[in-house]
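Working notes, beginning with the structure itself.
The values are calculated or read from the model by the stated rules, or taken from the named source; none is laboratory data. For clarity, every value in this text was computed on a predicted model and none was experimentally measured. For neighbour counting, all protein chains shown are included, and Cβ atoms are generated from backbone atoms with ideal geometry for every residue, glycine included.
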Amino acid sequence: MTRFDGEEAAQVHRHLHAHLPSDPALRVKALESLLVERGMVAPETLDAWVEAYSEHIGPMRGAQVVARAWTDPAFRERLLANAAEAIKEFGFEGHATGNLKAVANTPTDHNMIVCTLCSCYPFSILGMSPAWYKSSEYRARAVREPRKVLEEFGVSLDPEVAVHVWDSTAELRYIVIPERPAGTEGWDEARLAAIVTRNSMIGTHRTLTAEAE
Amino acid sequence: MFKPDDPLKPLRPQFLEGWHAQALALADTLVTNGAITAQEWANTLGAALDEAERSGAPDTEDTYYNAVVQALETVTVTGTDIKHAEIKNRKKAWTEAYLSTPHGQPVVLRTGG
């Protein structure tokens with residue numbers, strides 16, 4: 001699915017060889033040095049954040065949560081009642097999402113998440129949001145015409161399936177619990193987690209399959 | 001834009017530019033430290049994104065991260081004692097430091113301001 005993007009590669013190349021950083025990079029550098037001097041942020045905290053979000057924190061965290069919800073009915077109940085509390089048992093390092101709501105798909109209901117204001121997203125369990133999630137087009141259209149947006153993601157819903165669009169805020173983020181696919185009976189959590197896609201936890205992918213590894 | 005680009009483990013890097021990561025790290029740290037609230041950050045970023053859209057900026061990740069920097073400057077001025085002029089001067093100082101440092105050597109800020 002990922003393809004070579006010549007312009008992107010050229011951009012990275014230019015970035016590596018240009019001596020003077022770009023205008024926004026210099027603005028960030030100015031802010032960082034001032035905030036560090038004032039003691040508002042510690043350089044090691046910033047380094048740890050960047051390393052964590054570049055290397056360690058990603059959708060595999062959310063996939064583990066979904067897999068457990070599929071295999072442990074009591075956990076699923078706790079997750080749907082209070083997701084932030086329920087995911088504590090995973091012991092994810094770093095601060096997890098403080099206020100999190102899990103919404104479960106069923107044969108008659110489909111959930112999808114958006115942030116119409118900016119880009120609120122459950123970073124601590126899904127990693128960085130995809131570029132399209134942050135686009136103004138998705139932020140506007142996900143609410144206005146969710147079925148059409150879903151079709152563009154390749155999700156065709158029967159008319160009787162209700163679509164629920166959840167607008168994330170700074171205070172409350174969402175994760176979609178997709179339906180467990182048929183043919184996965186007896187699978188353990190790790191094997192199940194491997195078939196859970198990031199988009200299925202945002203709600204722009206609906207039907208997971210046992211083969212999609 | 002709506003390509004299901006999705007694998008579990010993204011093949012492209014999480015951040016295309018180092019400053020993208022640094023900017024979000026600064027914002028998240030300011031929220032975590034209590035200098036600004038999560039709501040203030042969301043509102044300020046939302047306003048910067050609206051402004052970018054109104055000005056006709058393309059709907060791209062680059063535009064998004066430029067709005068992040070814009071919002072970061074705004075919350076820094078409103079949430080700390082750092083002033084706009086100081087940010088501007090510091091940026092100028094870094095620019096001069098880069099331009100006067102031979103390639104390959106560490107860039108050091110010489111002025112305090």
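Residue check: residue A:51 meets all listed conditions (1) surrounded by fewer than 17 Cβ atoms within 10 Å (Cβ to Cβ); (2) under 28 Å from residue B:22 (Cβ atoms); (3) in the same structural domain as residue A:128 (by TED's automatic domain parsing) but one, namely (3). Within segment B:87-96, the set of residues being farther than 17 Å from residue B:76 by Cβ and surrounded by fewer than 16 Cβ atoms within 10 Å (Cβ to Cβ) comprises just one member, B:96.
One line per residue, one yes/no per condition, for (1) more than 14 Å from chain B (Cβ to nearest Cβ); (2) among the aromatic types (Phe, Trp, Tyr); (3) closer than 18 Å to residue A:202 by Cα:
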| site | (1), (2), (3) |
| --- | --- |
| A:55 | no, no, no |
| A:72 | yes, no, no |
| A:75 | yes, yes, no |
| A:81 | yes, no, no |
| A:101 | yes, no, yes |
| A:113 | yes, no, yes |
| A:120 | no, no, yes |
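Take residue B:63 and tell me if it is part of a helix (DSSP H, G or I), surrounded by 11 or more Cβ atoms within 10 Å (Cβ to Cβ), β-branched (Val, Ile, Thr) and facing chain A (nearest Cβ under 7 Å). No; evaluated as a whole, the condition is false for this residue.
Mind counting the residues in segment A:20-38 that are assigned to a helix (DSSP H, G or I), more than 16 Å from residue B:17 (Cα to Cα) and facing chain B (nearest Cβ under 7 Å)?
At the first step, the residues of segment A:20-38 found to be assigned to a helix (DSSP H, G or I) are A:23-37.
Filter again for more than 16 Å from residue B:17 (Cα to Cα), leaving A:30-31, A:33-37.
When the remaining residues are screened for being facing chain B (nearest Cβ under 7 Å), the result is A:30-31, A:33-35.
Qualifying residue count for the region: 5.
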